[in-house]
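The values are calculated or read from the model by the stated rules, or taken from the named source; none is laboratory data. Bear in mind that the values here come from a model prediction, so they are computed numbers and not experimental data. When we count neighbours, we look across all protein chains shown, and the Cβ atoms used for this are built from the backbone with ideal geometry, even at glycine. Please note that ligands, DNA and RNA were not included when accessible areas were found on the heavy atoms of the full protein model with its side chains. Shrake-Rupley method; radii C 1.70, N 1.55, O 1.52, S 1.80 Å.
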2 protein chains.
Amino acid sequence: MPSIPRDALRAWFLGPRAENAALMERLITESFRDHVFWRRNYRPEDGATIREVDRRQEGYEDAIATLTQELMALLADLKRDVPFFSGRYQGHMLNEPTIASQVGYFAAMLYNPNNVTREVGPVTTRLEFEVAEQLARMIGYDPAVTWGHLTSGGTVANFEALWIARSLFYLPVAAAMAARAGAPDIDVPRPDGSRAPLSAMGLYDLLNLRGPVALDAWDALRAAVPRADWREVIDQHTLAHAGYQEYTRRLSRHWGDPLPDSVVLVAATAHYSWEKIVRALGIGAEQLAFVPVDRHCRIDPDALWERIEQLHARRAPILACISVCGTTEESAMDRLDTVLEVRARAEQELGVTFHLHADACYGGYAAAVTRRADGSHRTAAEIRGSTGIGWPSDDWVKSMVALGWFDSVTIDPHKLGYVPYPAGAMLLRDRRARDLVAVEPPYLAPAAGPSQDTSFLGQFILEGSKPGAAAAAVWLSQKVLPLDERGYGYLIERTVIGAHRLYDAIAGADLAPFRPVMLPRPDLNIVCYAMAHPSLTSLSALNRLNEGIHRQMSLGGSDQMPDYMITRTRLTHPNYDGAVPPLLPALGVGDPEQWEHGTEGLVVLRSTVMDPFLTGDAGGADHVAGYVAALKRACTTALVEISPGD
Amino acid sequence: MPSIPRDALRAWFLGPRAENAALMERLITESFRDHVFWRRNYRPEDGATIREVDRRQEGYEDAIATLTQELMALLADLKRDVPFFSGRYQGHMLNEPTIASQVGYFAAMLYNPNNVTREVGPVTTRLEFEVAEQLARMIGYDPAVTWGHLTSGGTVANFEALWIARSLFYLPVAAAMAARAGAPDIDVPRPDGSRAPLSAMGLYDLLNLRGPVALDAWDALRAAVPRADWREVIDQHTLAHAGYQEYTRRLSRHWGDPLPDSVVLVAATAHYSWEKIVRALGIGAEQLAFVPVDRHCRIDPDALWERIEQLHARRAPILACISVCGTTEESAMDRLDTVLEVRARAEQELGVTFHLHADACYGGYAAAVTRRADGSHRTAAEIRGSTGIGWPSDDWVKSMVALGWFDSVTIDPHKLGYVPYPAGAMLLRDRRARDLVAVEPPYLAPAAGPSQDTSFLGQFILEGSKPGAAAAAVWLSQKVLPLDERGYGYLIERTVIGAHRLYDAIAGADLAPFRPVMLPRPDLNIVCYAMAHPSLTSLSALNRLNEGIHRQMSLGGSDQMPDYMITRTRLTHPNYDGAVPPLLPALGVGDPEQWEHGTEGLVVLRSTVMDPFLTGDAGGADHVAGYVAALKRACTTALVEISPGD
């Protein structure tokens, strides 16, 4: 295990100048040859299929010429790709992956394992379970009762989480319908502690049972019915079986209770893919209710409470609430501890409960910052001692530790895990919920139901065939960079330090007559700000300026590679009502009506600092200073562009 | 371009004995160094970030020691993987990928491009569109009006196809609701040719409009409404917006017409993931109606017609019909041309229509067999001349050519495309339907609606971040192995020849007292059969024998690697009513009641021949003869195992 992360950091990456090229080439070659000799050692008696005589044929040589030539064309083409490895790139959530993850991916890819099931990925399915366990431990889940796996990315992981949440949400309804049809009736506790048999509960009450309670009831029901009768007696009452159209009719037939639609609450900063997900699941975009954020772009707990009260008042059940740990735009972390408190209060005061999901696709790996090598928690003061920048706050740590109490959490290794695409992860606090989306393929014996063979991953997840190589990549990377202060914790701390350094440099730079107006210091490593200018007093003029700056500092504008690459985003009303209005005076926008009545929102510039070498103590160019200089040039050019008459 | 595929075949793969190791190592190393010097050539003035002095630190050396040691552990572990590269492996749909695809994947992975959008994958998004176009051309789509992209695999591709089909299915309903709410009314043709305005049509009629007609109406509607009002005037009437619960209510409010649930017809052989998909989409497993197959395991067109008539009689609309081109279990190809005829008849005679999807995840690449180098079609006779085994039939070619008339087609490059995971593909005949699932992310200006920037793939698909490397892998492989008789066509022909050779060897072998009972000759390259024995006259005894044989010939049984590796599957009543009963006499099962009243079905053994070197003209061991010998041993052992008293 690396004992001195400070130095190890420099061994983890190939490096902006490919400084570690010799090392990586050696490991790649070694992995390749190791695979070659594995093949040769397998059944040597089989002899050579491709003989020397075959190689002397014209067609063979032609084919190799074609391959070589087309590869050269590809290599030439790839040179027009984006230099994600450089500190000059601060655009999207991309960086060079770790050496470990790339070598691990390559080594396993040669074997072509498929993690759909152990049968075709005996080694890498095990590695997948191992990395899921490591991630579970990092966020505070107990691997003995939780479950997790890798996905192609965050969207599929989030999709699965909400798919499972929906199945869980309607589970008591299914159990109650089964009970009314003659199956055993189960007595369950409501969130406020009172108990009732399922068959006697109203629809609204059934949709407000806690997840573990619903799963206990389901277990009790299935224990009371012979396995062979499950489909007939129980499963046919599920939404999965009946589908929404039929289910909607059944609900009104059984309860005659025209409840409003079930709502999915989501932080207003949530990724756009949540809209895709509720559309695809058939929940509907209209049922996605955005909860406004505060000035730190974190979900506003008062607004959340208010929304819950309003929904309760009209008896609209809440299917799930999605909190964000590391927003795409600002790297903001919702106060997850406060969100948990809001739910606890809703359970006690209103008898209302819901599935809590944390979309930690971006920020999840930052939980490593809170872990010591022995797995215990670091205190906030201890971490601040190591970062030296007054980050993180006590609240930050409290929030991160709260992740372990969420019902499901998604984390993307291909973001702050620094591994190649594709690698998302879905973690479930109570593994029993996994069975709710399980399908039995025909080639399993009818007697063997789901969950009997947990190594058949494809049974429990949306995807089927999936790269075992991705599991090997994550596994090797997490071996070299453990999920604590020695590995990922250290790496991510460095990026936060770099981001704060960049933040200070922009905020303190003399860019006159331009003025940077900063969003609050980020929770992680994304710096957002807008440039102001005395001559620009409307949001739309400011937006033109900042769009112009973005054009100068991005790849979109021209074929020429800019000095520094950033992105921009657009904060809109009402989602950002907590964040933007406080900035308007500094932006020089006198009339706050512009915000409330305009549709174009505020364009902010955005630097994602995933590069761990912006801390000021690495060799090479100082990209913080370089960035500020480039920004100044871009401001001037952009202003000229938008004021052709001047 | 390879002019002599016979010889080229031997240059396409690393080879069972890693015969082409020197070539592949050279290309890997070349790709790596090329990338290294790209980094060094980028902004040389930036200097070295990782300095020589950094490398002399203890922590740096420790980190490298850790990396090397853990990699060695991984490499050792991987040696317990499955030898997919060998002709001895005939289990699942796995083989070694082409050299081109692996080198292409590796070369691009070093750049870490993300194909969610051109901004972070400028080169590889273009390659993705190129390969989608190539695949579209291969199946007979016109790339000028179609659209396609890569997915993480077949399940996600199929999910998207049905998601789009669902959106298209309800589109006329949305347009009619918009018209009733004041939007322009559109006059459309019904499948039988008669015309009516949308607002005047009944619900059943609206759900029976042809896809292109629905899209034309949608286009007309959107053209008549200012872009800024789309959401308000049109989009809010979609299922995607409202969600199923609310939509079900609206349908009954507007039409008061309690139609039965919408049905998804699917060949009984369809992959188990279709059940996942209808569950996740909220359509419901109950709404998935399996259409029985014939003795070739192809969808039975008469049964399909009958099912359509029954559904029409009770006015149950059909959301989609899924035909399979290359079943997972048998590589059976539905008679796609006949399925098209059935739909045409339903349109004319019943006024019923539906979205036709071809799940060609496995078989799609076999369309390359039907293409000449210039893109024109080869005749069946021409292909038979090249295979020399009387395959394919005229009907086979007719069926394959019909693929181009399906509304959507899914094809997995990571199956018969011989590229590493993950790589599925979704192709849409009318690209306009893509917009139906598009989401506008907040960082696009409100004015720029979907489809304006088609390079932002994440907008139109389920997934977000996705590996550009996968596109490079498919691209390079399709450059080296073109999608015609010179490349993939030749490769797949070889596997079919190998499968037929294996079929003949098993069918003709003297395995007495055991008798092989063969399913019909496969449409592609999967050989299925069951072993019979004079002493076994019940299905359950036969199944025990064949399960026992499978245990001997698979990895599940013990830690020891068997001589040959196959899989087994279970054909069940009523899905296989066309296929299994004709085999019962040969199996020695006198009482056909066992089939109709039993639940365990018939276990068949299954060899997937993806290895192109089983044709008998390659060097090395003859794995067809070896297989038959291993089968004989396995039969004897299995019989002893199931008859402990003997």
Filter the stretch A:532-573 for residues that are open to solvent by 50 Å² or more (accessible area, probe 1.4 Å) and part of a helix (DSSP H, G or I) and give the result. A:R544, A:R551, A:Q552
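What are the residues in the stretch A:461-479 that are touching an Asp or Glu at 6+ places or on another chain (Cβ under 7 Å), within 30 Å of A:L162 (Cβ to Cβ) and part of a helix (DSSP H, G or I), if any?
A:A471, A:W475
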Filter result for the condition that a residue is touching a residue at least 60 places away in the same chain (Cβ under 8 Å), within 26 Å of B:I99 (Cβ to Cβ) and either of a type in the set (F, W, Y) or open to solvent by 10 Å² or more (accessible area, probe 1.4 Å) (or both), over A:Y105, A:Y170: A:Y105
Does A:V339 satisfy the condition of being part of a helix (DSSP H, G or I) and of a type in the set (V, I, T)? yes
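Yes/no matrix, rows are residues, columns are (1) at pLDDT 95 or above; (2) surrounded by fewer than 18 Cβ atoms within 10 Å (Cβ to Cβ):
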position	(1), (2)
B:R250	no, yes
B:R253	no, yes
B:G256	no, yes
B:V266	yes, no
B:S273	no, no
B:V278	yes, no
B:V293	yes, no
B:D302	yes, yes
Select from the stretch B:585-601 the residues that are open to solvent by less than 20 Å² (accessible area, probe 1.4 Å) and within 22 Å of B:A303 (Cα to Cα) and list them in ascending order. B:W595, B:G601
How many residues of the stretch B:54-72 are part of a loop (DSSP other than H, G, I, E, B) and in contact with a helix residue (DSSP H, G or I) (Cβ under 8 Å, 6 or more places away or on another chain)? The answer is 1
Suppose we filter the stretch A:567-598 for residues that are within 25 Å of A:M553 (Cβ to Cβ) and without any contact (Cβ under 8 Å) to a residue 40 or more places away in the chain; how many remain? 5
Check A:S167 against each of (1) within 14 Å of chain B (Cβ to nearest Cβ); (2) of a type in the set (G, A, S); (3) not in a helix (DSSP H, G or I) and name the one condition it does not meet. (3)
Quick check: is even one residue across the stretch B:379-386 surrounded by fewer than 18 Cβ atoms within 10 Å (Cβ to Cβ), in contact (Cβ under 8 Å) with a residue 24 or more places away in the chain and in a helix (DSSP H, G or I)? yes
For the stretch B:113-152, what are the residues that are in a loop (DSSP other than H, G, I, E, B) and either within 13 Å of B:A425 (Cβ to Cβ) or open to solvent by 10 Å² or more (accessible area, probe 1.4 Å) (or both)? B:N115, B:V116, B:T117, B:G140, B:Y141, B:D142, B:P143, B:A144, B:V145, B:T146, B:S152
Give all pairs with beta carbons closer than 6 Å in which a residue from the stretch A:480-500 that is assigned by TED's automatic domain parsing to the domain that holds A:D523 and part of a helix (DSSP H, G or I) meets a residue that is of a type in the set (S, T, N, Q) and open to solvent by less than 10 Å² (accessible area, probe 1.4 Å); count only pairs at least 6 apart in sequence or on separate chains. A:T495/A:N525; A:V496/A:N525; A:A499/A:N525
Scanning the stretch A:483-506 residue by residue, those more than 16 Å from A:T370 (Cα to Cα) and not hydroxyl-bearing (S, T, Y) turn out to be A:G498, A:A499, A:H500, A:R501, A:L502, A:D504, A:A505, A:I506
Taking the stretch B:76-112 and keeping only residues that are hydroxyl-bearing (S, T, Y), more than 7 Å from every other protein chain (Cβ to nearest Cβ) and not in a loop (DSSP other than H, G, I, E, B), one is left with B:Y89, B:S101
Kindly evaluate B:A157 against the criterion of being touching a Gly at 6+ places or on another chain (Cβ under 9 Å) and of a type in the set (A, V, I, L, M, F, W, C). yes
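Just to be sure before I move on: is A:P184 surrounded by fewer than 24 Cβ atoms within 10 Å (Cβ to Cβ), within 23 Å of the chain's Cα centre (by Cα) and more than 14 Å from chain B (Cβ to nearest Cβ) in the structure I sent?
So A:P184 does not fit the description; no.
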I need a count of the residues in the stretch B:304-329 that are of a type in the set (V, I, T) and farther than 29 Å from B:G91 by Cα. 2
Inside the stretch A:490-531, the number of residues satisfying the requirement of being crowded, with 24+ Cβ neighbours inside 10 Å, among the small types (G, A, S) and in contact with a strand residue (DSSP E or B) (Cβ under 6 Å, 6 or more places away or on another chain) is 2
Scan the stretch B:61-69 and tell me whether some residue there is more than 7 Å from every other protein chain (Cβ to nearest Cβ) and farther than 27 Å from A:T615 by Cβ. yes
Matching residues, the stretch B:354-378, being surrounded by fewer than 24 Cβ atoms within 10 Å (Cβ to Cβ) and part of a loop (DSSP other than H, G, I, E, B): B:R372, B:A373, B:D374, B:G375, B:S376, B:R378
Could you please find all residues in the stretch A:20-37 being without any contact (Cβ under 8 Å) to a residue 40 or more places away in the chain, open to solvent by less than 30 Å² (accessible area, probe 1.4 Å) and closer than 22 Å to B:G87 by Cβ? A:V36
Report whether or not B:A242 is without any contact (Cβ under 8 Å) to a residue 60 or more places away in the chain, outside the structural domain of B:A316 (by TED's automatic domain parsing), surrounded by 20 or more Cβ atoms within 10 Å (Cβ to Cβ) and within 24 Å of B:N158 (Cα to Cα). no
Please indicate, with yes or no, whether at least one residue in the stretch B:601-609 is more than 19 Å from B:I526 (Cβ to Cβ) and touching a helix residue (DSSP H, G or I) at 6+ places or on another chain (Cβ under 8 Å). no
For residues that are over 30 Å from B:G620 (Cβ atoms) and basic (K, R), tally how many sit in the stretch A:1-49. 4
With respect to the numbered conditions (1) over 16 Å from B:T608 (Cβ atoms); (2) outside any helix (DSSP H, G or I); (3) of a type in the set (F, W, Y), which one is the sole condition not fulfilled by B:Y529? (1)
Across (1) at pLDDT 95 or above; (2) open to solvent by 40 Å² or more (accessible area, probe 1.4 Å), A:R6 clears everything bar (1)
Taking A:G59 as the residue in question, decide whether it is over 21 Å from B:I64 (Cα atoms) and either at pLDDT below 95 or buried (at least 17 other Cβ atoms within 10 Å of the Cβ) (or both). yes
Looking only at the stretch B:403-440, count how many residues are away from chain A (no Cβ under 14 Å), surrounded by 24 or more Cβ atoms within 10 Å (Cβ to Cβ) and assigned to a helix (DSSP H, G or I). 2
How many residues are assigned to a helix (DSSP H, G or I) and open to solvent by 20 Å² or more (accessible area, probe 1.4 Å) if we restrict to the stretch A:187-209? 3
